[in-house]
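Report on the following structure.
The values are calculated or read from the model by the stated rules, or taken from the named source; none is laboratory data. Note that the structure is predicted; figures quoted are calculated from it, not measured. Cβ: placed from backbone, ideal geometry, glycine included. Neighbour counts: every protein chain shown. All accessible areas refer to the heavy atoms of the entire protein, side chains included, with ligands and DNA or RNA removed. Shrake-Rupley method; radii C 1.70, N 1.55, O 1.52, S 1.80 Å.
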Amino acid sequence: MEPFLAQTARYLFEKHGSDISEICIVLPNRRAGLFLKTHLAALHDKPFWAPEIFSVEDFLSQITGITICDNISLTFRFYAIYKELEGENAQAFDEFVKWAQVLLHDFNEIDGYLADTEKLFSYIDETRAMEVWNPDGSSPTDFQKNYLKFWKSLGIYYQKLKQDLTSRNQAYQGLVFRIASEDIVKHLEKHEETRKYKKIIFVGFNALNQAEEKIIRALLEIGKAEILWDSDSYYLNDKNQEAGKFLRKFIGKEVIKNNTALFAKESSNNKILWIENLIENQKKEINIIGVPQKTGQAKTAGHILSKLHTTDNYKDTALVLADEQLLLPVLNSLPQQVSQVNVTMGYPLRNTPFSGLIEAIFQLQENSLRMNSSINNLTFYHKDILKFLNHPYLNYIKNISLKHKELFEKIISEIKTKNSVFLKPSEINTISSHFGETYDSIKPFFISWNNNPGAALENILDLINILAVEIEKFNNSNEKSIEAEYLYYYARIVRQLKTLLKDYDGISDLKTLKAIFIQLVSAQTLPFYGEPLKGLQLMGMLETRTLDFDTIILLSANEGILPSGKSQNSFIPYEIKKLFKIPTHTEKDAIFAYHFYRLIQRAKNIFVLYNTETDEFGSGEKSRFVTQLIYELPKINANVSIREQVLSIPVANEIPVTTSIIKTDDIIEKIEKLCETGFSPSAINTFTNCPLDFYYKYIVGLREETEVEETIEAASIGTFIHDALFELFKPFIEKKISSKDIESMKDKVGNAVTKAFSAKYALNEMNQGKNLLTLNVAKNLILNFLNKEKENIKNLEAKNIPMIIKSLEEKTEAHIIVKVGQTDKTIKFKGVTDRVDQIGNISRVIDYKTGFVDEKELKMDDLSEISNREKSKSLQLLLYSLLFLSKNPDSSVNSGIISFKKLSAGVMNFSLAGETTINKELIENFESELSKIINFLFDKEIAFEHHPDSLYCPFCAC
């Protein structure tokens, strides 16, 4: 198989050998030029002057002398004209840019296809006017008037923009094409460097727009040009084959029919070059593979490459991505034997990690503006602060010194420990005050930028410079890291924005700056540097134009991607496009059909992969181009072998591996220390519920990360109610409490609850929304509880039985001797009892619960049940009783729970075989059961494992 560009090189030498330096070659894109030069060099063993080679855009820009304007500058020029025309009615830039890009694309197509602009805009205006026409003759509404005014203005916008650009000797691509087509011969003669061309040879074109066609036709008619087609009779001669639609159209033109001598052709048979017959005759191995998901395709492509036999390091192999979002998954899936890869597409700068930092910075400042009415009231949202400080790029600043690291940790710690939902700049300054100059690197981001884009750009550029220095120190090498590359491109964008800020007044606030920043970043790609002529070629569909490979691996060959479908983002109605011969989705589908068939035209081994999964972005249906191959090709080419297969991801039948922690000497030593510091009821319950959970929490010391609570969580409500009750009952410790005392407490509930909540939440955070509702719920729960208490005490007063509050939230501890093996160990137990009171001669240990409690959880038939998960609350009450009786050994006690969701039940007491009194004998038996638990804890033969009946905690989950 001789590649198309190799054929082109041979033809050029055969026909223009002596004059090859005086010809000009025009290609569809720049990349093809490099390959053509390589083929030219391969045909000559001595140095020679190569012909000039251009892409079509570069060629027309050179002969007209007009600079093609970049998209951002073009947008700003358009906005300046728009503001001049609309005056006070002009939209802000961030709103304008949402539709301006669509309109600029339409302008580009209108000029490229040489549409009569006066008629076209008139037709659009009249079409839109018909939409709002009122058959009853009533006048249009103000909204309809503005709607019609916009459509009527399109033609004015076009003319003004065209005049402005041409006066500056600038243009967008379509306008350059229009200007060049108006008199291409004159443009060629005007410049000395273009007058010298004896021939201009257009190579590998397919879908020419009207301007390109007019230019080529004019040059053909004066004998100045030739065309080298790249086509195959399979799709050229079949009128139903959309891939040959444009070639049939151009070759069928009268000027071409009657002037075949003007085209490159074989001298022997006067055949136009090149219409080949490879698809119908050449031997091809085609594999159609359906794979679930995008990542599955990437992995399959890597597997295919690993199985290919190559002697030239995949030089004649191309991996083509119809969906360029697969770039990173594919790069990460390449096998080790692919030592060289040339990526023709760039990596989107929008997807780099630094993009996340820029987004965090804008979010920090934008939210502070949105949530605050004035600069004096400026506050920053805690999530925005944490997102900024925790960004991986800021690790380079943290690593400058220990003091920098401590600064970051201090700010983060203060936010979480104080539950600060919002922080003022002054509060952040206070936290950072003793860090001095260390704080200067991030201080600019915690002050107001006054919605000033200039300040934003300066601060971002300063941060980039700091990071660049630290990254260079970190790498400690002459080679630039990928992080440094990211920063270089972002710094270039910031400087470009600073220039635009000086030249135009469109960027007036941070919102607009962010919109432009995102647009600039989205249009920028990070190039991959490699040897373009060696190794595996990884490219997008458009980059394959004019290039040929023996082996093709095509990914994402799905309907809706290849071709892209009917989505048309345009202000020009479909019917008007058809009338003015501007391409619609039908023509664009034909373009991709040509690229697809031309790609496989000379290939011998073809792997076509498509996604079988249905999601919101695709139907899971293979492209119709692939379906055509499957049903048509075997009928016309006996040398073609097509194999279809659908891959599936195997379901793992492995039994999950259970995490098992063997008790080493180090772990036993930590358990010994726990015996000294003490076991709380929660710790014992955790061990009986799930030993592995106990290991992570109490041996390793893992805890779930503290999070800032924006709205009051259920666990916090319980704590606040406990705190409020402590405040209300504290004055009555060691005193007889009466029903009147309870009544007097009601007026203090509001203050007590507010005081409890304000320990964690700012007052302004409790005065609105869900927090205000939660605050009122807590007040009502306590009031309901007090009403119930008042009723109970009244009943006691009627019987002349006093109630005395003995203690509240009292920390107590007790020690018991446990025989572990042959050794007696002293084990400490500790806890905080919510309330101890005395009714007559009966002592009570009471635990408050804001959640629901089932009385079954507090009833036991035998003490051996304390190891059951369902009896965790019973174990807790028995431990509180043990702690109480250790201080009051001659007493007995009742221990119960008051559930705020079941106040009507009163105190729900623990009972053993129906008996509620807990005495010394019961506690001794309870200590025996605790001894068994402690022995299990020390037993090296019993590993820490997850209990099958327990829920997985974040640490146990696997």
Q: Please give the net charge around Leu278, taking every other residue with its beta carbon less than 14 angstrom from that of Leu278, where Lys and Arg add +1 and Asp and Glu add -1.
A: -2
Q) How much of the accessible area of the chain, in percent, comes from carbon and sulfur atoms when a 1.4 Å probe is used? A) 49
Q. Quick one: of the DSSP bridges fully inside the chain, what percent are antiparallel, nearest 5?
A. 40
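So if the hydrodynamic radius of segment 406-509 is defined as the Kirkwood radius over C-alpha pairs, what does Stokes-Einstein give as its diffusion coefficient at 20 °C and 1.002 mPa s, in µm² per second?
Using the Kirkwood radius from Cα pairs, D works out to 133 µm²/s.
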Q: Using only the Cα atoms, work out Rg/Rh for segment 306-432, with Rh taken as the Kirkwood radius, to two decimals.
A: 1.22
Q. With a sphere of radius 12 Å drawn around the Cβ of Ile23, what net charge do the other residues whose Cβ falls strictly inside it have (Lys, Arg +1; Asp, Glu -1)?
A. +1
(Q) Just to confirm the number: angle between the C-alpha axis of helix 173-182 and the first principal axis of the chain, 0 to 90 degrees, nearest 10? (A) 10
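Could you work out Rg/(2.2 N^0.38 Å) for segment 70-171, with Rg from alpha carbons only? Before the final figure, lay out each step's value.
Details: Rg = 14.9 Å, N = 102, 2.2 N^0.38 = 12.8 Å.
Normalised by 2.2 N^0.38 Å, the Cα Rg of segment 70-171 equals 1.17.
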(Q) If I fit a long axis through the Cα atoms of helix 402-417 and take the longest principal axis of the Cα atoms of the chain, what angle between them do I get, 0 to 90°, rounded to 10? (A) 60
Q. Straight-line reach from Lys901: which aspartates and glutamates have Cα under 16 Å away, leaving out those fewer than 8 places along the same chain?
A. Glu789, Asp847, Asp854, Glu855, Glu857
Q: Keeping every protein chain in place, order Lys736, Lys15, Lys849 by accessible area at 1.4 Å, biggest value first, i.e. largest first.
A: Lys736, Lys15, Lys849
Q.
More than 13 angstrom separation, counting every C-alpha pair in segment 481-526; what % is that?
A. 57
Q | Listed peptides 136-148, 153-165 by packing density, highest first (mean Cβ within 10 Å) | A | 153-165, 136-148
Q.
Just to be sure I understand, if you calculate Cα Rg over 2.2 N^0.38 Å for this structure, which of [x] 0.96; [y] 1.33; [z] 1.17 do you get?
A. [y]
Q) Long-range amide H contacts for Ile200: which residues qualify at under 5 Å (H placed 1.01 Å from N, peptide plane, sequence gap of 5 or more or a different chain)? A) Cys24, Ala225, Glu226
Q: Using the heavy atoms of the protein chains and a 1.4 angstrom probe, tell me the accessible area per residue for segment 665-813 in square angstrom.
A: 52
(Q) Could you compute the net charge surrounding Phe96? Neighbours are other residues with a C-beta less than 11 Å from the C-beta of Phe96; K and R count +1, D and E count -1. (A) -1
Q. How much length is gained if the chain between Ser18 and Ile661 is pulled fully straight, taking 0.36 nm per residue apart and subtracting their Cα-Cα distance, in nm to one decimal?
A. 223.2 nm
Q) Which entries in Lys746/Lys871; Lys735/Lys830; Lys98/Lys160; Lys410/Lys670; Lys199/Lys249 show an alpha-carbon gap greater than 31 Å? A) Lys746/Lys871
Q) Once you charge only the Cβ atoms, +1 for Lys and Arg and -1 for Asp and Glu, what is the size of the charge dipole of segment 708-798 about its Cα centre, to the nearest 20 debye? A) 280
Q) For the peptides 875-885, 283-293, what is the packing order when you average, over each peptide's residues, the other Cβ atoms within 10 Å and list the highest mean first? A) 875-885, 283-293
**Q.** Helix-only mean residue ellipticity at 222 nm for the chain, each DSSP H run of n ≥ 4 adding -39500 (n - 2.57), per residue, nearest 500
**A.** -15000 deg cm²/dmol
Q: Place a +1 charge on the Cβ of each Lys and Arg in the chain and a -1 charge on the Cβ of each Asp and Glu, then give the dipole magnitude about the Cα centre in debye, rounded to the nearest 20.
A: 940
Q) For the Cα atoms of the chain, what angle does the longest principal axis make with the long axis of helix 510-523, in degrees from 0 to 90, nearest 10? A) 50
Q) How much length, in nm to one decimal, is gained on full extension between Ile842 and Glu672, taken as 0.36 nm per residue of separation minus their Cα-Cα distance? A) 57.5 nm
Q) Using a simple spin-label model with points 7 Å from Cα along the Cα→Cβ vector, what separation in nm is obtained for Asn919 and Arg492? A) 8.9
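Any idea of the accessible area per residue across segment 70-171, 1.4 Å probe, to the nearest Å²?
On a per-residue basis, 53 Å².
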(Q) Once ligands and nucleic acids are excluded and a 1.4 Å probe is used, how much of Tyr381 is accessible, expressed in Å² to the nearest 10? (A) 40
Q | Partners for Lys299 among aspartates and glutamates (Cα-Cα distance below 20 Å; same-chain residues under 8 apart left out) | A | Asp323, Glu324, Glu613, Asp615, Glu621, Glu644
Q: Output the peptides 231-237, 486-492, 122-128 sorted from most to least packed, where packing is the average of other Cβ atoms within 10 Å over each peptide's residues.
A: 231-237, 486-492, 122-128
**Q.** Separation of alpha-carbon centers, segment 817-866 and segment 460-511, rounded to whole Å
**A.** 63
